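Derivation of every value follows stated rules applied to the coordinates shown; laboratory data play no part. None of these values were measured; they are calculated from a predicted model. All Cβ positions, even for glycine, are placed from backbone atoms using ideal geometry, and neighbour counts span all protein chains on display.
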Amino acid sequence: MTSVPFLSFGPQNQQIRAQVLEAMTQVFDSEWYVLGEAVKRFESEYAAFNQTTACVGVANGLDALHLALRALNIKAGDEVLVPSNTYIATWLAVSMVGATPVPVEPSLATYNLDPTRLEAAITPRTRAIMPVHLYGQACQMSEIMAIARKYNLQVVEDNAQAQGASFGGQLTGSFGVLNATSFYPGKNLGALGDAGALTTNDESLAQQVRTLRNYGSQQKYYNEVLGYNSRLDELQAAVLSAKLPFLPEWTQQRQALAAQYQAELAGISGLHLPTVAPGATHVYHLYVVRTPQRDALQSYLAGQGIGTLIHYPVPPHLQTAYKDLGYKPNAFPLAEEIAATCLSLPLWPGMSPEQAKAVTEMIRGFYNN
């Protein structure tokens with residue numbers, strides 16, 4: 001029996017071990033560990049990669065979302081349109097500035113925010129739209145941006161899972177006025193701990209975020225606004241700079257594994273495979289299938305040594321943290337259906353075609369029993 005973990009860093013780490021250790025050694029020897037040259041270098045490199053004029057490194061992806069909204073002066077009494085189907089961080093950022101998250105249902109085909117449902121959710125208090133490029137697929141940004149322009153709304157992309165994805169040839173993380181990403185270790189570009197960044201083409205907003213991340217200060221000991229301590233660490237920045245040149249290769253590996261899954265799992269009745277929207281690309285941070293037999297399939301695969309995870313078992317509107325919003329079961333049935341039926345299969349750089357084949361054979365074995 002071939003055992004396949006849900007995620008392994010082994011092949012990736014082996015490939016980049018020398019570069020990462022050298023980068024960390026340089027930081028160690030520099031004797032400068034916070035907001036130094038390593039952060040400046042990575043910010044420049046990631047901005048160039050993401051085809052934006054600026055990148056601002058922060059402590060994590062949630063802080064990136066929060067600081068984006070803070071810089072845009074979104075506050076108590078405002079509303080932000082968010083997907084009903086997303087990781088809770090998207091909602092938390094809205095709550096952290098005192099605004100109200102207003103859920104909008106996804107497309108069952110792509111799992112992403114459904115642009116055709118946005119206008120019905122807009123009220124006089126709506127200030128922004130926060131699309132999430134979930135699982136690595138770009139949202140349908142042309143329609144989202146058109147609605148934002150029509151109603152004079154800001155767009156803040158949550159690009160934590162989709163570094164390198166695009167819609168209509170334009171990279172995710174470059175559409176909105178300020179956009180957030182995460183470099184949590186499991187992300188397509190991951191640090192060795194928490195890390196995040198914002199991307200933008202507006203230098204004045206970039207400077208606001210630089211101030212907010214550093215205690216509200218541009219000059220040491222002089223504080224202009226109530227800020228935060230949310231600075232990308234020099235060590236993590238150096239690691240990310242070492243890894244960034246490998247990201248296109250790792251993305252191609254993810255896409256090749258996803259194509260293998262698509263071919264080898266095609267035609268199984270009741271198993272819904274990922275669908276990519278016209279104009280979008282998918283970088284497969286996660287390869288997510290759906291089936292009414294999700295729990296049984298997950299248990300069966302675990303018994304065969306195949307690791308899987310559920311992203312995500314409880315949608316934000318049903319989390320205890322958001323009970324005060326008053327949402328009941330069936331308030332957002334599409335998000336709830338995805339939560340009850342989705343299953344993420346193993347997929348990571350360095351995973352072999354033979355390992356992917358083992359996964360698909362086990363899945364076919366489950367359906368043939």
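Among complete DSSP H helices in the chain, those whose alpha-carbon atoms stretch at least 18 Å along the helix's long axis and whose mean Kyte-Doolittle hydropathy reaches -1.0 are 10-30, 37-50, 247-265, 353-368. Our note on the geometry: Cα centres of the stretch 122-189 and the stretch 286-311, 29 Å apart.
Over the stretch 245-315, consider all pairs of different Cα atoms and compute the Kirkwood hydrodynamic radius from their mean reciprocal separation; express it in Å, one decimal. It would help to have the intermediate numbers written out before the result.
Numbers: mean 1/r = 0.0718 Å⁻¹.
Averaging 1/r across every pair of different Cα atoms and inverting gives 13.9 Å.
Put in order of Cβ neighbour count within 10 Å, fewest first, the listed residues SER174, SER30, SER217 become SER30, SER217, SER174.
Based on other C-beta atoms within 10 Å, arrange THR275, THR281, THR123 from fewest to most. Intermediate results must be reported in sequence, preceding the final value.
Working: THR275 14, THR281 21, THR123 9.
Final ranking by Cβ density, sparse to dense: THR123, THR275, THR281.
Summing +1 for each Lys or Arg and -1 for each Asp or Glu among the other residues whose beta-carbon sits under 12 angstrom from that of TRP348 gives +2.
Shown for the stretch 324-369 is the translational diffusion coefficient from the Stokes-Einstein equation, using the Kirkwood radius over Cα pairs, a temperature of 4 °C and a viscosity of 1.567 mPa s: 95 µm²/s. Between amide H atoms placed 1.01 Å from N, distances below 5 Å from LEU309 occur with SER344, all of them 5 or more places distant or on a separate chain. Note on the chain: helix-only mean residue ellipticity at 222 nm, from DSSP H runs of 4+ residues weighted -39500 (n - 2.57) and normalised by residue number, equals -12000 deg cm²/dmol.
Per residue and in Å³, how big is the convex hull formed by the alpha-carbon atoms of the stretch 246-368? Show your work: numbers first, answer last.
Working: hull volume 17.4 nm³, N = 123.
Enclosed volume per residue, from the Cα hull, is 142 Å³.
Look at the dipole of the chain built from charges on Cβ: of THR251, ALA335, ALA54, the Cα furthest out on the positive end belongs to ALA335. Here the convex hull built on the C-alpha positions of the stretch 10-244 has a volume of 116 cubic angstrom per residue.
Close amide H contacts of VAL58 (hydrogens built in the peptide plane, cut-off under 5 Å, sequence separation of 5 or more or a different chain): GLY196, ALA197, LEU198, LEU232.
Tell me the Kirkwood hydrodynamic radius of the stretch 138-238 in angstroms, computed as one over the mean inverse distance between distinct C-alpha pairs. Provide the component values of the computation, followed by the final result.
Details: mean 1/r = 0.0667 Å⁻¹.
It is 15.0 Å.
Charges were assigned to the Cβ only: +1 to each Lys and Arg, -1 to each Asp and Glu. The resulting dipole of the chain about its Cα centre is roughly 380 debye. Could you tell me what percent of the DSSP beta bridges with both partners in the chain are antiparallel, to the nearest 5? Bridges in the chain that DSSP calls antiparallel: roughly 65 percent.
For the cross-link pairs LYS75/LYS150; LYS40/LYS220; LYS187/LYS357; LYS75/LYS243, the ones whose C-alpha atoms lie over 27 Å apart are LYS75/LYS243.
Across the stretch 124-134, rounded Karplus estimates of 3J(HN,Hα) from the backbone phi angles (6.51 cos²θ - 1.76 cosθ + 1.60, θ = phi - 60°) give x, 9, 5, 10, 7, 10, 10, x, 10, 7, 5 Hz, Gly and Pro being marked x. With N counted as the residues of the stretch 34-114, its alpha-carbon radius of gyration over 2.2 N^0.38 Å works out to 1.31. Note on the stretch 244-283: Cα convex hull, mean projected area over all directions, 3.4 nm².
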